[in-house]
Amino acid sequence: MRAFIYVGGSVDPKNITEHPKADDICIAADVGAYNAKLLGDTPDFIVGDFDSAKLEVPMDLTEYLNEKSE
């Protein structure tokens with residue numbers, strides 16, 4: 001088992017060579033949820049105060065997670 005932590009900042013998906021497997025833990029901190037989505041990964045947990053996220057909490061996060069699980 002490994003842990004993947006998604007944080008804010010710019011991400012170039014072509015530079016990411018590893019993605020989580022089923023038994024890995026994925027955590028997104030604040031706008032790291034956007035980077036996880038950009039990479040096609042779904043966080044198990046999204047944490048933070050969301051002061052840097054440009055979305056309404058928790059509604060947009062709920063929609064985000066539901067969208068990813070469909």
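The values are calculated or read from the model by the stated rules, or taken from the named source; none is laboratory data. What you see is a predicted model; the values in this text were computed from it and never measured. Note that we place each Cβ from the backbone using ideal geometry, even for glycine, and neighbour counts take in every protein chain shown. Just the protein is used for accessible areas: all its heavy atoms, side chains included, with ligands, DNA and RNA removed. Shrake-Rupley method; radii C 1.70, N 1.55, O 1.52, S 1.80 Å.
List every residue pair whose Cβ atoms lie under 9 Å apart, where the two residues are 6 or more positions apart in sequence or sit on different chains, the first residue falls within the range 1-21 and is closer than 15 Å to TYR34 by Cα and at pLDDT 95 or above, and the second residue, located anywhere, is among the acidic types (Asp, Glu) and open to solvent by 60 Å² or more (accessible area, probe 1.4 Å).
PHE4/GLU18
Given the conditions (1) open to solvent by 80 Å² or more (accessible area, probe 1.4 Å); (2) among the hydrophobic types (A, V, I, L, M, F, W, C); (3) at pLDDT 95 or above, which single one is not true for LEU38?
Evaluating LEU38 over (1) open to solvent by 80 Å² or more (accessible area, probe 1.4 Å); (2) among the hydrophobic types (A, V, I, L, M, F, W, C); (3) at pLDDT 95 or above leaves (3) as the failure.
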